[in-house]
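Have a look at the structure below before the remarks.
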Amino acid sequence: MQRIGYARVSTASQNLDRQIAALRAAGCVVIFREKASGKATKGRPQLEKAIDALGTGDCLVVAEWDRATRSMLDGIAIIERIHARGSVVQVLDKPHLDLTTPLGRGLIALISAMAEDERQRIVKRSKDGLAAAKARGAKFGRKPKLTPYQQAEALRRLEAGESARAIGKSYGTHHATISRLR
């Protein structure tokens, strides 16, 4: 039986040291690691590789279940894929879960649903914060390349028949920037 570890953090500024230490302590020699957002169920190639590396009787070890999944359906799909390979999952931060039993798999589905709910609350708080900032007049995105006066002047020159390329060159900006003013 091989014990394969999987560790993930959401951003490049976070580090995997705590999870890696826990996985090594649990006897994992092979550890797949990645820095990728957990909000998307796609885009986790190292998790895919970890599952593909599992053979019959092997165990995928995850330090924390929410590092592997952020939604109930995704969690269930992961468990089903691992089970179909004749393997099991061990979640180190939930030692009371025995994922070799139907009850254990049901509990992990519940935990996945709670992780999905937490993700939705995070997204809602972020959207509410953005809306409040916009209401206060905060500006988002890049600063415009051209001042309002330059934009008006560029529009006047466009209407006079001058090409967007020539106008863009005179302002030191890309012609697409000028074209979008229309």
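The values are calculated or read from the model by the stated rules, or taken from the named source; none is laboratory data. What you see is a predicted model, and the numbers here were worked out from it, not measured in a lab. No Cβ is skipped: glycine too gets one built from the backbone with ideal geometry, and neighbour counts run over all protein chains shown. Ligands, DNA and RNA are excluded from the accessible area calculation, which covers all protein heavy atoms including side chains. Shrake-Rupley method; radii C 1.70, N 1.55, O 1.52, S 1.80 Å.
Largest first and in whole Å, what are the equivalent-ellipsoid semi-axes of the stretch 1-72 based on the Cα gyration tensor, each being the root of 5 times an eigenvalue?
Those come to 19, 15, 10 Å.
Can you pull the one-decimal nm distance between simple spin-label points at L155 and R3, each 7 Å off the Cα toward Cβ?
The answer from the label model is 6.7 nm.
Show the residues, 5+ positions off or on another chain, whose built amide H is closer than 5 Å to the amide H of A7.
F32, R33, E34
Can you pull the percent of the chain's accessible area that's carbon plus sulfur, 1.4 Å probe, other chains left in place?
With neighbouring chains kept in place, the figure for the chain is 56 percent.
So, R0 is 45 Å and r is the distance between the beta-carbons of A166 and V123; what FRET efficiency does that work out to, to 0.05?
E(calc), rounded to 0.05, equals 0.50.
If you take every residue apart from V62 with its C-beta less than 10 Å away from the C-beta of V62, what net charge results, scoring Lys and Arg +1 and Asp and Glu -1?
0
Using just the Cα positions, wrap the chain in a convex hull and report its mean projected area in square nanometres, one decimal place.
Orientation-averaged projected area of the Cα hull: 15.2 nm².
With a Förster radius of 35 Å, plug the Cβ-Cβ distance of A138 and S179 into 1/(1 + (r/R0)^6) and report the FRET value to the nearest 0.05.
Once rounded, the FRET efficiency stands at 0.80.
Could you point to the residue in L158, I78, L23 farthest towards the positive end of the chain's charge dipole, with +1 and -1 charges on the Cβ of Lys/Arg and Asp/Glu respectively?
With unit charges placed on the Cβ atoms, the residue in question is L158.
With the other protein chains left in place, how much accessible area per residue, in square angstrom, belongs to the chain at a 1.4 angstrom probe?
For the chain, the solvent-accessible area averages 61 Å² per residue.
Using a Gaussian network for the chain with springs between C-alpha atoms less than 10 Å apart, which of these wobbles most: S37, S163, S87?
S163
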